[in-house]
2 protein chains.
Amino acid sequence: MMKVIKTVHEMQAFSHAQRTGGKRIALVPTMGYLHDGHISLLNEAKKQGDLLVMSLFVNPMQFGPKEDLAKYPRDFARDTMIAERAGTDIIFYPDAQEMYPGPFKTTVYVSDLSDILCGKTRPGHFQGVTTVVAKLFNVILPHTAIFGEKDFQQLVILRRMVKDLNVPVEIIGMPIIREPDGLAMSSRNTYLSVDDRHRAISISKGLSNALDAFHKGVRDDKKLREIVRNDIQSAGLREDYVEVVDETTLQPVHELSHTARIVTAAYAGNVRLIDNMALK
Amino acid sequence: MMKVIKTVHEMQAFSHAQRTGGKRIALVPTMGYLHDGHISLLNEAKKQGDLLVMSLFVNPMQFGPKEDLAKYPRDFARDTMIAERAGTDIIFYPDAQEMYPGPFKTTVYVSDLSDILCGKTRPGHFQGVTTVVAKLFNVILPHTAIFGEKDFQQLVILRRMVKDLNVPVEIIGMPIIREPDGLAMSSRNTYLSVDDRHRAISISKGLSNALDAFHKGVRDDKKLREIVRNDIQSAGLREDYVEVVDETTLQPVHELSHTARIVTAAYAGNVRLIDNMALK
């Protein structure tokens, strides 16, 4: 039977007892409103550990003052069903007060990596992510934690944090899960109007076209970025960024000699969407 | 037999095995050049755990560019002897490259508390402390960690960090150990000239006089601070700060209704000394 735990104290005590009993804990951190992308993470976590913990916390600290915290989609009943079906043992479901009680003052910050790409448009966002993930790791004490590659920058930053702070957790990244027409799955897709939903296909189409060009021998990052840019702009989306970056440093790559990643963010109406593909 | 471990990997694996075997780990983090203050921490740690780990790392990240990193006193042979005599099981003794390899980018920061008192004079210092202690906790995986009250602000900040990030480590603070004439023990006392060593007594004398006045009924923080200020200035020391602060928030206290702490920093020649006493 799946169990819902709402307090830090109970979760930490439970995890501590499980570890002492020799159990291997796998964590999938989520903000809920689960889709097939999350399910693929839960499935991988099931293979990685004896005990599968899914956290469900819409983390206020990673939303900017003008962002969508209040309207972020929530459906706890549905999430519970999906999580249980995927074999989740524990849902850790704290409220904001439990995670950030009154005199809270501590942040975990990964410099440089947090301030480029999405971090440029969303100042403070990744600091919110690294801080809450550091907390979740201390509360849930997992041996391994599974994240999706859609939030590629997030994954790179968390790997950096874990290495830098010697956090004893293995980070696993899992491939993006896409809709049949190519759109990367995201809880935020639910915001899209019918028209914008259609236009949004241009993001993954643009990335695919850039990847095709790469496979045909194009190695100039400008040309590859131009392909994506053209596709999303002709569909009527507004580009936030299109970059070809190193998979560890997130710095721009101009000569594609080893695997790089083409990453993009674009607005369909007011909805900000992100996607990426490995160039290899 | 005491063992010296120099790598993160070996230390983490060792601690993990000890925990799995049911051992309780007590940590005393130090920068070496041990004195009786450190020994009192080691003695307490010996009571608190089955396995006593002392870390010895002069942490570059907590020194400012104009501070005394290069000349900070070091004597590993002597420290080893003292630690072994105090029953230390493991000395964790990494070098700077082991703790901060090339692409290091992560910091742990406790806002407000880190920027006042000593943090005002030593910008970045406490960020260096919280970051290295977060790392040491992840590497050594202690159940409990023991710190001295001489660095009172450090103790308060670390307690805040541990609470905020849900770090599963119990923090214990131990009373200041003093020389027979009252000077708080510190590795930096070794820098003092004979004359400055004599003048430095005025710091603990001033604090004692303020505490006496408090016991006689003085509740006005200004009067108490004035007593310390007069003592250290007449001895020829230069005041950095003298404050009466709340023991959790470190905010100035003007009406002494519950326990507060009188804290000070002063320069004897070029040597910066700190000390404090509880007003209760």
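The values are calculated or read from the model by the stated rules, or taken from the named source; none is laboratory data. A quick note: this is a predicted structure, and the numbers were derived from the prediction, not measured. As a convention, Cβ positions derive from the backbone with ideal geometry for all residues, glycine included, and neighbour counts pool all protein chains shown. Note: accessible area is taken over every heavy atom of the protein model, side chains too, but ligands, DNA and RNA are not part of it. Shrake-Rupley method; radii C 1.70, N 1.55, O 1.52, S 1.80 Å.
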Among the residues of the stretch B:68-75, are any closer than 30 Å to residue A:115 by Cβ and modelled with pLDDT of 95 or more?
yes
Given the conditions (1) in the same structural domain as residue A:43 (by TED's automatic domain parsing); (2) open to solvent by 20 Å² or more (accessible area, probe 1.4 Å); (3) among the aliphatic types (A, V, I, L, M), report the number of the one that residue A:194 does not fulfil.
(1)
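Determine, yes or no, whether residue A:79 is open to solvent by 10 Å² or more (accessible area, probe 1.4 Å), away from chain B (no Cβ under 14 Å) and of a type in the set (Asp, Glu). First the steps, then the outcome.
On the way: open to solvent by 10 Å² or more (accessible area, probe 1.4 Å): no; away from chain B (no Cβ under 14 Å): yes; of a type in the set (Asp, Glu): yes.
The answer is no for residue A:79.
Residues being hydrophobic (A, V, I, L, M, F, W, C) and more than 10 Å from chain B (Cβ to nearest Cβ): count how many of those fall in the stretch A:89-107. Reasoning before the result, please.
Residues of the stretch A:89-107 hydrophobic (A, V, I, L, M, F, W, C): A:90-92, A:96, A:99, A:104.
Within this subset, residues satisfying the condition of being more than 10 Å from chain B (Cβ to nearest Cβ) are A:90-92, A:96.
Summing the residues that are hydrophobic (A, V, I, L, M, F, W, C) and more than 10 Å from chain B (Cβ to nearest Cβ) in the stretch A:89-107 gives 4.
Right, residue A:66: among the basic types (Lys, Arg), out of contact with any Lys or Arg (no Cβ under 9 Å at 6 or more places or on another chain) and either in contact (Cβ under 8 Å) with a residue 60 or more places away in the chain or within 14 Å of chain B (Cβ to nearest Cβ) (or both) or not?
On the way: among the basic types (Lys, Arg): yes; out of contact with any Lys or Arg (no Cβ under 9 Å at 6 or more places or on another chain): yes; either in contact (Cβ under 8 Å) with a residue 60 or more places away in the chain or within 14 Å of chain B (Cβ to nearest Cβ) (or both): no.
Answer is no for this residue.
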Can you say whether residue A:138 is within 14 Å of another protein chain (Cβ to nearest Cβ), free of Cβ contacts under 8 Å to residues at least 12 places away in the same chain and more than 23 Å from residue A:119 (Cα to Cα), as far as the supplied structure shows?
no
Can you name the helices (runs of 4 or more DSSP H) wholly within the stretch B:1-86 that have at least 1 residues being aromatic (Phe, Trp, Tyr)?
B:8-20, B:76-85
May I ask you to list pairs of residues, at least six apart or on different chains, whose Cβ atoms are under 9 Å apart, with the first in the stretch A:91-111 being modelled with pLDDT of 95 or more and the second being assigned to a strand (DSSP E or B) and surrounded by fewer than 15 Cβ atoms within 10 Å (Cβ to Cβ)?
A:91/A:3; A:91/A:4; A:92/A:4; A:93/A:4
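Restricted to the stretch B:211-237, and to residues that are among the small types (Gly, Ala, Ser) and open to solvent by 40 Å² or more (accessible area, probe 1.4 Å), which residue is nearest to residue B:255 (Cα to Cα)? Reasoning before the result, please.
Of the residues in the stretch B:211-237, the ones among the small types (Gly, Ala, Ser) are B:213, B:217, B:234-236.
Among the residues that remain, those that are also open to solvent by 40 Å² or more (accessible area, probe 1.4 Å) are: B:217, B:234, B:236.
Numbers: B:217: 12, B:234: 27, B:236: 30 Å.
Among those that are among the small types (Gly, Ala, Ser) and open to solvent by 40 Å² or more (accessible area, probe 1.4 Å), it is B:217.
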In the stretch A:109-129, how many are of a type outside the set (Phe, Trp, Tyr), within 13 Å of another protein chain (Cβ to nearest Cβ) and touching a Lys or Arg at 6+ places or on another chain (Cβ under 9 Å)?
5
Among the residues of the stretch A:104-126, write down those that are under 24 Å from residue B:135 (Cβ atoms) and either out of contact with any helix residue (DSSP H, G or I) (no Cβ under 7 Å at 6 or more places or on another chain) or open to solvent by 60 Å² or more (accessible area, probe 1.4 Å) (or both).
A:109, A:111, A:112, A:115, A:124
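If I ask for residues that are open to solvent by 70 Å² or more (accessible area, probe 1.4 Å) and more than 22 Å from residue B:109 (Cβ to Cβ), which ones from the stretch B:53-75 would you list?
Matches in the stretch B:53-75: B:70, B:71, B:74.
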The conditions are (1) free of Cβ contacts under 8 Å to residues at least 60 places away in the same chain; (2) out of contact with any Lys or Arg (no Cβ under 8 Å at 6 or more places or on another chain), and residue A:51 fails exactly one of them. Which is it?
(2)
Mind listing just one residue for me: the one in the stretch B:171-191 that is in contact with a Pro (Cβ under 9 Å, 6 or more places away or on another chain) and within 18 Å of residue B:155 (Cβ to Cβ) and, of those, surrounded by the fewest Cβ atoms within 10 Å (Cβ to Cβ)?
B:188
Given (1) in contact with a Phe, Trp or Tyr (Cβ under 8 Å, 6 or more places away or on another chain); (2) touching a residue at least 60 places away in the same chain (Cβ under 8 Å); (3) open to solvent by 20 Å² or more (accessible area, probe 1.4 Å), where does residue A:199 come up short, assuming only one miss?
(1)
Positions within the stretch B:221-263 being among the β-branched types (Val, Ile, Thr), touching a Leu at 6+ places or on another chain (Cβ under 7 Å) and not in a loop (DSSP other than H, G, I, E, B), in sequence order:
B:228, B:244, B:262, B:263
